[in-house]
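The values are calculated or read from the model by the stated rules, or taken from the named source; none is laboratory data. What you are looking at is a predicted structure, and each value in this text was computed from that prediction instead of being measured. Here the Cβ positions follow ideal geometry from the backbone for every residue, glycine too, while neighbour counts run over all protein chains shown. Accessible surface areas use protein heavy atoms only, side chains included; no ligands, DNA or RNA. Shrake-Rupley method; radii C 1.70, N 1.55, O 1.52, S 1.80 Å.
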Amino acid sequence: MSSSVLCAHFDTPEGRWTLVSEFTTEDAANQFVPHIGPKLGGDDLSMGASVEPRPPTPPTASSAKFNAPSTLMVSGGLMFGDSVPNAGGVKAPHALANRPTHVMMFQASEPVPQNEPIENSVSKSKPHGKGLVTKSTSSFVTRIVTNENLARWIIDPRTTYILFNAPKCFNVVGMQPDNRGETLARLDMTLASPTCYDVIGGSSRFDVVLGFVRGNIVWYEPVSGKYSRLNKNSGYAPAVVCVKWMPNSDSLFMVGMADGAVMVMDRTKDEFVVPQMTHARTAFAPAETRPKTNPVSYWRVSNKPITSIEFSPDSQYVAITSEDGTLRIIDHQKESLCDVYESYFGGLTCCAWSNDQKYVVTGGKDDLITVWSYYDKCVVARGQGHKSWVRGVAFDNVQCGATYRFFSVGDDAQLLVWDLSLAALHRPRTHTARVAASPTSRARASLENVTAMSRGDEPQGTVHARMPKDSVAVLQPLVSEAIHDTPLCSLSITRDLLVTACRKGVVKVWKRPKPDSYAPA
């Protein structure tokens, strides 16, 4: 399927979402002439020689012509069939080799005055810029590039940040309404491929934490050009699958590993000591850690890879999905497992909280969207509409009131829009009245199927059994559109924009309809 026949807009009851920008992640990574400054020893990096942009090439990406102050993160993941070291350092071939692109976007708390309207046409251009580059003799990072005007971009509220990785490379691109795009910073690695990352920002700086296929965890601050490997030479090398900054903290972050472990790390601590598990056979087992070293906390959550981590709106709980097909709700402050939910079948790949914390939505390899009630502790509905694995879900908080709006994307290259309300739920055709099982009876029925990592272990928390298909309401999508020509991998929604990304590295930006725009009949 060619991108020229893909839709440039889609309609919801509120109006028409319009494609305003399209960006290819290869552009900024290839724009600099490979001219290197003086070598430095170890991980010592500083400003070096000036780097001029490459000569113009045919345009393959667009400028972001909008006033939405935001940060967009795109992760190309593992590429070229990288193999993944397991906990013992032995490579597991292609375990995460198809890890998809991820996209995340943040907007400022206060809107920027709309003195320059969002354009409805998709213009094409390549990011350009001038930077300072320094080469390092480090075995991990080869060089770092920093735009000479980066500090000026950071304090400008009109700036939109796009973060993404190419093979062995991590990039930060800035865009403004009057600027078609500049590379603000770039980190080049020797052999490592980033698999995931997260960012927090302030008025004068932002901090990025990156996870890598070979188990490295790196903190990077683009403004100063500093970075730190937080588990260097630790001997603990499972792939890092997902990472998320902890709520209300600028130093702590949570990491999900391919061996099923979850760690809380502190970017200010340099030493890493592999925890010794004393209860490794239980369903949820926090390990003893040292107070002056990383990790700050270490949990044995599953025996299969962790796939997503999302914190609740009240910052007390964290939802964690895994390839073992379970959603776990954990009180991370008390390090206590609260609830465990089973997928219909297959692994779960993503999750999202509603802004009032009433619901958690998951997507998985059963091609289904599952809506869980956090307070009622049960399945509310299963959404049927995707024709392949679901890769990303996100609530649209602008449209969440009596009806909850959320979006999903998957390997079928489809964007689906869902409305969750009592009127939207359909009972299965074979539904028969029955008395709901208590949480205790559901737990007993599922002990052999979920979370217990070996027979005879009593799992913590309440384990909720898989609900039969004929006893769960069915949710149908409101909108289904093919918007990319390769599998969709992730999406992010703000008050003004929707951003989608596919495995080919194409990022598309969609403008939210205005209140008085066209709405379908």
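For SER471, state whether it is at pLDDT 85 or above, closer than 30 Å to PHE345 by Cα and open to solvent by 50 Å² or more (accessible area, probe 1.4 Å). Here the answer is no, as SER471 does not meet what is asked. Within the stretch 147-173, the set of residues being among the small types (Gly, Ala, Ser) and at pLDDT 80 or above comprises just one member, ALA151.
Annotation for the stretch 408-418: no member residue is open to solvent by 30 Å² or more (accessible area, probe 1.4 Å), small (Gly, Ala, Ser) and either modelled with pLDDT of 95 or more or part of a loop (DSSP other than H, G, I, E, B) (or both). For the stretch 333-350, a tally of residues being out of contact with any Lys or Arg (no Cβ under 6 Å at 6 or more places or on another chain), among the hydrophobic types (A, V, I, L, M, F, W, C) and surrounded by 22 or more Cβ atoms within 10 Å (Cβ to Cβ) returns 3.
Taking ALA423, is it modelled with pLDDT under 85, more than 25 Å from ASP339 (Cα to Cα) and outside any strand (DSSP E or B)? For ALA423, the condition - modelled with pLDDT under 85, more than 25 Å from ASP339 (Cα to Cα) and outside any strand (DSSP E or B) - is met. Only one of the numbered conditions (1) among the hydroxyl-bearing types (Ser, Thr, Tyr); (2) closer than 25 Å to ALA413 by Cβ; (3) surrounded by 17 or more Cβ atoms within 10 Å (Cβ to Cβ) is violated by SER388, and that is (3).
Considering only residues in the stretch 297-332 that are assigned to a loop (DSSP other than H, G, I, E, B) and closer than 12 Å to TRP353 by Cβ, the one that is least open to solvent (accessible area, probe 1.4 Å) turns out to be SER312.
Report whether or not THR321 is of a type in the set (S, T, N, Q) and in contact (Cβ under 8 Å) with a residue 60 or more places away in the chain. Spelling it out, it is not the case that THR321 is of a type in the set (S, T, N, Q) and in contact (Cβ under 8 Å) with a residue 60 or more places away in the chain. Which pairs turn up if I take residues in the stretch 327-339 that are at positive phi and look for partners that are open to solvent by less than 10 Å² (accessible area, probe 1.4 Å) and assigned to a loop (DSSP other than H, G, I, E, B) with beta carbon separation below 9 Å, at least 6 apart in sequence or on another chain? Correct list of pairs: GLU335/PHE284. The residues of the stretch 251-270 that are charged (D, E, K, R) and modelled with pLDDT of 90 or more, listed by number, are ASP259, ASP266, ARG267, LYS269.
Residues in the stretch 380-421 that are under 21 Å from VAL472 (Cα atoms) and touching a His at 6+ places or on another chain (Cβ under 8 Å): 2 in all.
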